[in-house]
Amino acid sequence: MENLAYLNHLLIEVVSLNKIIPLQYAWVILLFLVIFMTLIANFVMKIAIKRLLKQLDKTKTLWDEAVLNVIRKPLRYFIDFSGLLWALQILSQYEEKNWNDSIALAWRIGIIIAVAWFFLRLIRALEESFTTNAPQKYNADETTILAVGRLLRLSIVITTSLIIMQNFGISVSGVLAFGGIGGIAVGFAARDLLANFFGAFMVFIDKPFRVGDWIRSPDRKIEGTVEYIGWRVTRIRTFDQRPLYVPNSTFVNIAVENPSRMRNRRIYETIGLRYEDVDKLEAIIADIKTMLQNHEDIDPNRTLIVAFNQYGAYSVDFMVYTFTNTIAWVKYHDIKQKILLQIKDIVHAHGADFAFPTQQLYVKQQMPVEGNSNQAITDYSLSPEEKDIFF
């Protein structure tokens, strides 16, 4: 403040023009100069940042442009706020009021807020840049980036609050001690909130899923695509496009499947042929296996089984067990459809056909009972085709 008062005195000497302007009106000219210098400082800052951004357009790093883009508002705020405090100091000097301590305190707090605001904006800008450009380059997932960004912003807010309290004369050690005692009561009152917080923390650490994954739980009716992972709830978009909000503590106590991380999708079918085609079964199985081994959509590094499975009630069954290269739901069903139709063609090419439920009814001839001609039953001779009745 003493240096600022000396600077004010020098400016007054300059603007007084060798006593031509009365000293009692010199403060008006001084206020005008302060406002003018503030506007000039803002203009110079704006031009300098624009030129630096043009030079940095050629670089490929995320940090330099992010710093210059986010520093504009905090720096402009600090310049305007400093000009305002300077003007207040001039007024207090000519009003003969001692505002120096209050102005110095406001200036320190202004610096603290400007720096904190800059870092909060920088973290937000880097978070957006990493989530849009850097996950593939740095092998980072969006969930981890968002979690780290939230933790850093929370740390900055808490640190800034403690520093401001210290500048107001509040003992930080006393606040921390009170927080330790009151934390017990808060913990009991906010058990669910804390449980959700630590549930989110475990999700960020263990990474059972991330934003964009399709998840489901066999323990609960939870299935859909993860849209957002917060500190309290996780938002999941179900397949009927309804938002489902799940408390994070739920994921600590349930099993979660993540189909998005499958390596392959499985085709597992049991196919039944007619009993009269049992002699052709071995050749049919060999052709189907050869077809699958040469199929471009089947993963040759996974288990492939085509084998006679069982004698069924009305069919001889064989199993087809294989894995596709893709995990995309729609493409998987297209591949499965093509393979099943190819199996149909192979079966028909061997002159065989698929079985369906049948029932055979056998009618046995009974001889007439002696002495009772009414009980005589006519002997019907049935051909094999007539004995097979299909329902």
The residue from Asp334, Asp379 that alone is of a type outside the set (Val, Ile, Thr) and either at pLDDT 90 or above or not in a loop (DSSP other than H, G, I, E, B) (or both) is Asp334
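Each row is one residue, and each column tells you yes or no for (1) in contact with a strand residue (DSSP E or B) (Cβ under 7 Å, 6 or more places away or on another chain); (2) modelled with pLDDT of 85 or more; (3) acidic (Asp, Glu).
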{"site": "Gly149", "(1), (2), (3)": "no, no, no"}
{"site": "Leu152", "(1), (2), (3)": "no, no, no"}
{"site": "Val172", "(1), (2), (3)": "no, no, no"}
{"site": "Ala200", "(1), (2), (3)": "yes, no, no"}
{"site": "Gly212", "(1), (2), (3)": "yes, yes, no"}
{"site": "Ile215", "(1), (2), (3)": "yes, yes, no"}
{"site": "Ile222", "(1), (2), (3)": "yes, yes, no"}
{"site": "Glu227", "(1), (2), (3)": "yes, yes, yes"}
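Listed here are the residues, each with its yes/no results for (1) without any contact (Cβ under 8 Å) to a residue 40 or more places away in the chain; (2) over 28 Å from Pro218 (Cα atoms); (3) touching a Phe, Trp or Tyr at 6+ places or on another chain (Cβ under 7 Å).
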| residue | (1), (2), (3) |
| --- | --- |
| Tyr245 | yes, no, no |
| Val278 | yes, yes, no |
| Lys289 | yes, yes, no |
| His295 | no, yes, no |
| Val330 | yes, no, no |
If I go through region 116-147 residue by residue, how many of them are of a type in the set (Phe, Trp, Tyr), at pLDDT below 80 and buried (at least 16 other Cβ atoms within 10 Å of the Cβ)? 1
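The values are calculated or read from the model by the stated rules, or taken from the named source; none is laboratory data. Remember, it's a predicted structure, so these values are computed and weren't measured experimentally. Don't worry about glycine lacking a Cβ; one is built from the backbone with ideal geometry, like all the others, and counts go over all protein chains shown.
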